[in-house]
Amino acid sequence: ADQNLVLIDEAPVYDVSHVFGIFSVFNADIIKSAELYKGGIPSKHGGRLSSLLEVTTRDGNSKKFTASGGIGLLASRLAIEGPIVKDKASFIVAGRRSYIDILMKTNENTKDSKVAFHDLNAKINWKGSNKDRFFLAVYSGRDNWEFDGDFGFGWGNTTATFRWNHLFSDRLFSNTSLIYSKFDYKLEDNDAVEGFTWAADQEEFSFKEDMTFFVNSKIDLHFGYHGTYRQFSPGLITPKSDKSLFKRTELAKSYALDHALY
């Protein structure tokens, strides 16, 4: 799994499904394009061996306000988009939520259990000039499971991308990005004696400078620099009460710093 890179607006997503694969984390209402590389992955995306899935979200309607949505058996969705400044700046917001947990409450055997997920996408784009364009895209999604109110677990992704496109000339184009990504998960036991919470996460901050130089009508030259700082917190154990058998314990964190030129 660590050799498959999945990106949404350049930010890596570490868990790409809800409810163990029944739903994708990608809301179709907001997807502009998706590219899948099964081999020959471009060097600017690093050294993954298996595959690359690059998803780009829509910029939003810059001329008029529109809304779309859908109601399903297990989840519903809604997307709203429109201009902030007509023909210059726009936004789009899309969200989904399951109601499996609501259906479970109608059954006597499952009323104390919970299976739920939600996600939210938002994007703003602004055309500063004929040579400059700015984008801000965020994503947040989470799954939560509980069993008879005693034991539960959850996981989620959060990403944010700020991108600046600049045209130096008819032949030189740059894409500058600041990227944040976080994946976390949690285990929880609500027993009075053995109650505890276990939380873990991985965070990363990236800077990317990608340049494209159009040598002639047949040759494009791509080059750039990427830097990424990562922090991995493998576990923080917190007792649920003073009666718990567990003591507050934090496992040692790990750190990494990557540099890449291509």
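The values are calculated or read from the model by the stated rules, or taken from the named source; none is laboratory data. Worth saying up front: this structure is predicted, and the values here are computed from it rather than measured. In this analysis, Cβ positions are derived from the backbone assuming ideal geometry, glycine residues included, and neighbour counts consider all displayed protein chains. Note: areas computed on protein heavy atoms with side chains; ligands, DNA, RNA excluded. Shrake-Rupley method; radii C 1.70, N 1.55, O 1.52, S 1.80 Å.
Some observations on this one:
- Looking across segment 119-135 at every residue that is open to solvent by less than 80 Å² (accessible area, probe 1.4 Å) and free of Cβ contacts under 8 Å to residues at least 60 places away in the same chain, the one that is farthest from residue 152 (Cα to Cα) is identified as 129.
- Filter result for residue 5 (closer than 19 Å to residue 226 by Cβ, open to solvent by 40 Å² or more (accessible area, probe 1.4 Å), in contact with a strand residue (DSSP E or B) (Cβ under 7 Å, 6 or more places away or on another chain) and of a type in the set (A, V, I, L, M)): no
- Residue 95 open to solvent by less than 60 Å² (accessible area, probe 1.4 Å), at pLDDT 90 or above and of a type in the set (Gly, Ala, Ser): yes
- Each residue in segment 98-117 was checked for being open to solvent by 20 Å² or more (accessible area, probe 1.4 Å) and in contact with a Lys or Arg (Cβ under 8 Å, 6 or more places away or on another chain), and 3 of them qualify.
- Unmet requirement for residue 185, which otherwise passes all of (1) over 21 Å from residue 94 (Cβ atoms); (2) out of contact with any Gly (no Cβ under 8 Å at 6 or more places or on another chain): (2)
- Pick from segment 50-69, criterion buried (at least 18 other Cβ atoms within 10 Å of the Cβ) and among the aliphatic types (A, V, I, L, M), ranking: nearest to residue 88 (Cα to Cα): 55
- Residue count for segment 103-153 satisfying the condition of being part of a loop (DSSP other than H, G, I, E, B) and β-branched (Val, Ile, Thr): 2.
- Scanning segment 222-258 for residues that are assigned to a strand (DSSP E or B) and loosely packed, with under 12 Cβ neighbours inside 10 Å gives 254, 255, 256, 257.
- Within segment 18-49, the residues that satisfy the criterion of being exposed (fewer than 14 other Cβ atoms within 10 Å of the Cβ) and assigned to a loop (DSSP other than H, G, I, E, B) are 22, 38, 39, 40, 42, 47, 49.
- Filtered residue count, segment 169-188, keeping only those that are touching a residue at least 24 places away in the same chain (Cβ under 8 Å), more than 21 Å from the chain's Cα centre (by Cα) and either open to solvent by less than 30 Å² (accessible area, probe 1.4 Å) or more than 30 Å from residue 153 (Cα to Cα) (or both): 5
- Members of segment 70-92 that are touching a Ser or Thr at 6+ places or on another chain (Cβ under 8 Å), open to solvent by less than 70 Å² (accessible area, probe 1.4 Å) and more than 15 Å from residue 117 (Cβ to Cβ): 70, 79, 81, 82, 83, 89, 90, 92
- For first residues located in segment 40-53 and touching a residue at least 60 places away in the same chain (Cβ under 8 Å), partners that are acidic (Asp, Glu) and open to solvent by less than 70 Å² (accessible area, probe 1.4 Å) and lie 6+ apart or on another chain with Cβ distances below 9 Å form the pairs 44/210; 46/258.
- Failed item in (1) over 24 Å from residue 135 (Cα atoms); (2) open to solvent by 40 Å² or more (accessible area, probe 1.4 Å); (3) at pLDDT 95 or above, with residue 200 passing the rest: (2)
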